[in-house]
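Nothing in this text is a laboratory measurement; each read-out follows from the coordinates by a stated rule. Predicted model only: the values in this text are computed from it and were never measured. Neighbour counts are summed over all protein chains in view; Cβ atoms, including those assigned to glycine, are modelled from backbone coordinates with ideal geometry.
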Amino acid sequence: MRGPGSSPCASCKLLRRRCAKECIFAPYFPPDDPHKFAIVHKVFGASNVSKMLQELPVHQRADAVNSLVFEANARVRDPVYGCVGAISYLQNQVTQLQMQLAVAQTEILCIQMQHEPALQSHHEVFELDQDDKAHLLHSNNNSINNCNNNYNLAYAMSSGQLNSNFASPSSIIQMQMQDPLKQESLWT
């Protein structure tokens, strides 16, 4: 593995010991990247890392070292949560973006529903009698009101006014009863 006269690996250099030919750290902590081992040693300790690497098959050790380096860097940045904090932050971002997407899709659907019936009813009005016209107008208004209610709910969930997992029925009804014209649009 190591030739005579070559410099010791980063771990042996940091620990100020002689780097043996069969040093378990040498393949994973090269001498030209001392920070990599320093941070792993600071968080996990050299003996713990050595034990972990010895317990793993050789083909899995490089991945384990990469994971240890990632976790050590995350622990230095956030000592309490480490990479779990980063994962939680990213999951929250994904959830917020999904909610914003739902609001945008609802807005698109509402706009399409408001324009589509107007075009269809304009052409069909001449062929309908008075009862059919009243029914068409009533069903058209109901679909627009349902669309506005769904938009209000999606908007409330995306803006944090409602918790998407624990929305109370009264808060949903209250949001649905608000005037949709007073709501902020995602695009303004």
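What distance in nm lies between label points placed 7 Å from Cα along the C-beta direction at residue 113 and residue 101?
About 2.1 nm separates the two model spin labels.
Which length gain, in nm to one decimal place, applies between residue 80 and residue 59 when the Cα-Cα distance is subtracted from 0.36 nm times their residue separation?
Values: separation 21, 0.36 × 21 = 7.56 nm, distance 3.12 nm.
Going from the current span to full extension adds 4.4 nm.
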